[in-house]
Amino acid sequence: MTKLAVIEGDGIGREVIPAALEVLDAFGLDIEKVPLELGYARWEKTGTAMSEEDIDTIKDCDAVLFGAITTVPDPNYKSILLTIRKELDLYANVRPIKPLPGVMGVTGRSDFDFVIVRENTEGLYSGIEELHEDFSTTQRLVTRKGSERIAEYACKLAKERKNRLTIVHKSNVLKSDKLFLDVCRETASARGVESNDMLVDAMAYSLMMRPENYDVVVTTNLFGDILSDMSGALVGSLGLLPSANIGSKYAFFEPVHGSAPDIAGKGIANPLAAILCVKMLLEWMGEKRAPLIDEAISYVLQKKIVPPDLGGNSTTAEIGHAVAEYLKKLLMA
């Protein structure tokens, strides 16, 4: 039995996760759900956003389904996401960029399907920082171990797809990227994966202009964060982007969008990214029927059950329920 920590978090996380769980429940799998309250709302009430006991509870689970979090600029507020990623050693952040039927992004194109694999524990998110009155520093950490394992993960994924890897870096300016680039090249060569590399600024332009040219993209922490959020414009909304944080033992699934406090509580948040996170969770579990979620989402969108950010007027709960109900029909067929 899989043990799943369920963390709604803040803002619209409390709306999209219940919709996603309705979809998960449609599969009728033997999954124990362990609800946890973490985040800014808890911090406001108790002064603690997450405790050591919470970390122990999460480590007692196999995976995490996470909604969204509000992080405030307070030195006493420790980032929950960064803490969990480090505690569970979730070294690979995986973000598929694939359009949904009938939904167009800024380019008006749908001929692309690529995955951004981002190193998730080092880089400028290392957490090694110094804050002073007149200057502040953050250490950009790139290690051989970290580079090797993210390269290995990206190559494994590439072998399952089109066997093409693009390494994104800025080694012409950031000398720490030379190690990352070299290790990724060596790993791709050893694994028989066709690879090329691009500077991150050129890559940002190329992704907007020629997204169909890419299959698996591997890069460092900050670059991957920026490129994947930017790619939300290609599919039409950040509300359509799921992500997985993968380690050797644990996995953590979260929609890319934030807590969106401006629309929280209105029932208009787009739950499709959270629902696609359920698909990624099921794939990680080895559930062969996971792709049926794509079919169910396509059906619901064709029936004009569409969230406001995509031009519709359906509520978060209505969309989740519609996907779950059609999914049940597919599972029974």
Would you pull out the residues with amide H under 5 Å of Val193's amide H, same chain only if 5 or more places away, H placed 1.01 Å from N?
none
Computed over segment 41-151, the distribution of all Cα-Cα distances in 10 Å bins, rounded to whole %, is 10, 30, 32, 21, 6, 0
Quick note, segment 161-304: a/c under 1.5 would make it rounded; otherwise a/b > b/c is prolate and the rest oblate (a ≥ b ≥ c, C-alpha gyration tensor); here it is prolate
Percent of Cα-Cα distances greater than 20 Å, calculated over segment 97-168:
54 percent
Over 23 Å, how big is the tail of the calculated P(r) for segment 145-236, in percent of all Cα pairs?
19 percent
Out of segment 93-149, which GluC sites (Glu not before Pro) are coil in DSSP terms and have no more than 13 other C-beta atoms within 10 Å?
Glu133
Estimated inter-spin distance, Asn172 and Glu37, nm [label 7 Å along Cα→Cβ]
5.3 nm
Using a 1.4 Å probe on the protein chains only, how many percent of the accessible area of segment 155-312 belongs to carbon and sulfur?
55 percent
Taking every DSSP beta bridge with both residues inside segment 100-224, roughly what % is antiparallel (nearest 5)?
25 percent
When the chain is fully extended, how far beyond the present Cα-Cα distance does Glu212 get from His132, taking 0.36 nm per residue of separation?
24.3 nm
Tally the DSSP beta bridges in the chain and give the antiparallel ones as a percent, rounded to 5.
40 percent
Given the Cα-Cα distance of Asp56 and Asp262 and 0.36 nm per residue of separation, how much length would full extension add, in nm?
70.9 nm
Could you please state how large a percent of the accessible area of segment 1-145 is carbon and sulfur, counting protein chains only and using a 1.4 Å probe?
48 percent
Residues in segment 254-280 that a label on Asn313 would reach, taking backbone N under 19 Å of a point 7 Å out along Cα→Cβ
266-271
Taking square-rooted eigenvalues a ≥ b ≥ c of the alpha carbon gyration tensor, is segment 1-47 rounded, prolate or oblate, where a/c under 1.5 means rounded and, failing that, a/b exceeding b/c means prolate?
oblate
Beyond 23 Å between alpha-carbons counts as too far, so tell me which of Lys279/Lys303; Lys145/Lys178; Lys3/Lys86; Lys59/Lys98; Lys266/Lys328 fall in that bin.
Lys59/Lys98; Lys266/Lys328
Taking only protein heavy atoms and a 1.4 Å probe, what accessible area per residue, in Å², does the chain have with all protein chains in place?
44 Å²
Counting other Cβ atoms within 10 Å, keep those with at most 10, restrict to DSSP loop, and tell me which GluC sites (Glu not before Pro) in segment 259-329 are left.
none
Going Cα to Cα from Lys156, which aspartates and glutamates come in below 13 Å? Please leave out same-chain ones fewer than 8 positions away.
Glu148, Glu194, Asp215
When the label point is put 7 Å from the Cα of Lys98 along its Cα-to-beta-carbon vector, which residues of segment 277-308 have a backbone N closer than 15 Å?
277-299
Volume of the Cα convex hull of segment 219-300, divided per residue and given in Å³
126 Å³
Using only DSSP helix segments of four residues or longer, with each worth -39500 (n - 2.57), what per-residue ellipticity at 222 nm results for the chain after dividing by its residue count and rounding to 500?
-12000 deg cm²/dmol
One checks the Cα atoms of the chain and finds Rg and Dmax, in Å, of 19.6, 66
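The values are calculated or read from the model by the stated rules, or taken from the named source; none is laboratory data. Keep in mind that this is a model prediction, so the values were computed, not measured. Neighbour counts are summed over all protein chains in view; Cβ atoms, including those assigned to glycine, are modelled from backbone coordinates with ideal geometry. Note: areas computed on protein heavy atoms with side chains; ligands, DNA, RNA excluded. Shrake-Rupley method; radii C 1.70, N 1.55, O 1.52, S 1.80 Å.
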